[in-house]
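One structure below.
The values are calculated or read from the model by the stated rules, or taken from the named source; none is laboratory data. None of the values given here were measured: they were computed from a predicted structure. Here the Cβ positions follow ideal geometry from the backbone for every residue, glycine too, while neighbour counts run over all protein chains shown.
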Amino acid sequence: MDPSSIAYVICLVSLITICITAKAQRNVFNVLSYGAAGNGLTDDSLAFMKAWKDTCSAAAGTPTLIIPKGKIFLVHQITFTGPCKSNKINVKLSGTIIAPNGPDQWKAADLSTWLAFQGVNGLTIDGLGMIDGRGKGWWDRSCKFHRGQQGCITLAPTVLKFENCNNIHMSNIKFHNSPQTHVLILGCQNVDFGFLTIQAPGTSPNTDGIHIQVARNVSIHNSQFADGDDCISIGDRTSDISITDISCGPGHGVSIGSLGRGGADVQVNNINVRRVNFRGTTNGVRIKTWQGGRGIVRNVSFSSINFQAVANPIIIDQFYCDIPNSCRKSNTAVHISGVRFSQLFGTSKTKVGINLNCSSNIPCTGITLEDIHLASATSDSQLISSCNNAFGLNRGIIDPKSCLRKII
């Protein structure tokens, strides 16, 4: 090939490379390019909103919002609203996002949520970054600790809410010190969250790790939780939920509920919790419902679970009530049916290792206990089981001895 032909080929290749690079850059939206300072002091909210607007408006390829490594972004309340033009949106979170430091610096009238994605489909969030809710200022004024005191706070922001979003994925993100719930899944379908770290002090009030409500086909896996409330809580109108390979502690365990408050009609189906390690939690696997509720919780499986010094390893409570002077007797209850506890091992800090407290009007039915071995974490004393109106069957060795009743 003569020199002029070689030069032509090189120019052509260079032009193609430039075109491809330019096309790729048109789909990448870095918050620094929109004026974000990333110094942890300047309010970067406007830059985030401008960058999101262009990301969501981009139609070609997979638009990507970049929150770069090595920067700390102070952001006030933001809702990232969809639907977007592309059916795939990436958020590459490699830096740190911090919230306003406590209620005195909170500008928004809405206290319920800090960061939210609303109506965004095909969303992927990853990048080894951190979201820090800086919750201590909220906890210090919580009505849970200062009940009846003037100015105490009953509502604090959830760090990250997904509302009416479908086909969403999140991985390799750290959450730190939310004022209240860390992550809320509300009205979503087809959710996959993995390799997350959620951390807050065990004394922090109402700092659930992830709460799931009105959602279907949700998978949470390979993640670590340490907080001041449920590591994962499952609310009403949920189905096809999978929780696998997680660690929990400190915290209040993995809970279905509370459900049925105020006479609500409940529908919770197909919940699978397996390969979970609980360390020093106040509960292990729990279903909790209010008296007066209606509807059903059914087809629930807790399997391959280890407890290390857990206060209440296995518990069903149809008499749940956490508001003083609001508890009442009722002839109705949420029907709990088809619950399987299989291959549960470890130690309990309390004498009652298995506690199934069900309603006489609407008993728990179809309960299965299979291969359970629990010992005392504090002494050599024998644990016991406690059952009220709980019917089902036993398989394998159950220790402490089962108290389930057989249906005749």
Could we say that residue 179 is buried (at least 24 other Cβ atoms within 10 Å of the Cβ), assigned by TED's automatic domain parsing to the domain that holds residue 111 and outside any strand (DSSP E or B) here?
-> yes
Return the total of residues in the stretch 182-200 being assigned to a loop (DSSP other than H, G, I, E, B) and free of Cβ contacts under 8 Å to residues at least 40 places away in the same chain.
-> 4
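Yes/no matrix, rows are residues, columns are (1) in the same structural domain as residue 206 (by TED's automatic domain parsing); (2) modelled with pLDDT of 95 or more; (3) out of contact with any Cys (no Cβ under 6 Å at 6 or more places or on another chain):
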{"position": "114", "(1), (2), (3)": "yes, yes, yes"}
{"position": "125", "(1), (2), (3)": "yes, yes, yes"}
{"position": "134", "(1), (2), (3)": "yes, yes, yes"}
{"position": "145", "(1), (2), (3)": "yes, no, yes"}
{"position": "154", "(1), (2), (3)": "yes, no, no"}
{"position": "161", "(1), (2), (3)": "yes, yes, yes"}
In the stretch 263-282, anything in contact with a His (Cβ under 8 Å, 6 or more places away or on another chain) and either within 12 Å of residue 335 (Cα to Cα) or buried (at least 24 other Cβ atoms within 10 Å of the Cβ) (or both) is listed as 281
Does residue 85 count as among the charged types (D, E, K, R), crowded, with 16+ Cβ neighbours inside 10 Å, over 19 Å from residue 160 (Cα atoms) and modelled with pLDDT of 95 or more?
-> no
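Return the total of residues in the stretch 65-77 being surrounded by 19 or more Cβ atoms within 10 Å (Cβ to Cβ) and either within 15 Å of residue 117 (Cα to Cα) or aromatic (Phe, Trp, Tyr) (or both).
4
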Does residue 377 satisfy the condition of being at pLDDT below 95, over 16 Å from residue 397 (Cβ atoms), in the same structural domain as residue 286 (by TED's automatic domain parsing) and crowded, with 18+ Cβ neighbours inside 10 Å?
-> no
Go through (1) in contact (Cβ under 8 Å) with a residue 12 or more places away in the chain; (2) over 30 Å from the mean Cα position of the chain (by Cα) one by one and return the number of the condition residue 379 breaks.
-> (1)
Residues in the stretch 227-262 that are buried (at least 24 other Cβ atoms within 10 Å of the Cβ) and within 23 Å of residue 328 (Cβ to Cβ) total 5
Residue satisfying all of: in the stretch 71-87; outside any loop (DSSP other than H, G, I, E, B) and hydrophobic (A, V, I, L, M, F, W, C); farthest from residue 120 (Cα to Cα) among these = 72
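Can you find a residue that is modelled with pLDDT under 95 and either part of a loop (DSSP other than H, G, I, E, B) or at positive phi (or both) anywhere in the stretch 27-37?
Yes, the conditions are met somewhere in the stretch 27-37.
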Would you pick out the residues in the stretch 229-247 that are under 13 Å from the mean Cα position of the chain (by Cα) and not in a strand (DSSP E or B)?
-> 229, 230, 231, 235
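Table: residues versus (1) among the charged types (D, E, K, R); (2) touching a residue at least 60 places away in the same chain (Cβ under 8 Å).
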| position | (1), (2) |
| --- | --- |
| 294 | yes, no |
| 320 | no, yes |
| 331 | no, no |
| 336 | no, no |
| 347 | no, no |
Within the stretch 352-381, can you find the residues that are among the hydrophobic types (A, V, I, L, M, F, W, C) and part of a strand (DSSP E or B)?
-> 352, 354, 356, 364, 367, 369, 372, 374, 375
Selection status of residue 285, in the same structural domain as residue 398 (by TED's automatic domain parsing) and over 21 Å from residue 349 (Cβ atoms) = no
May I ask you to say which residue of 121, 90, 101 is crowded, with 19+ Cβ neighbours inside 10 Å and part of a loop (DSSP other than H, G, I, E, B)?
-> 121
Can you name the residue in the stretch 137-165 that is within 16 Å of the chain's Cα centre (by Cα) and in a strand (DSSP E or B) and, of all such residues, is surrounded by the fewest Cβ atoms within 10 Å (Cβ to Cβ)?
-> 163
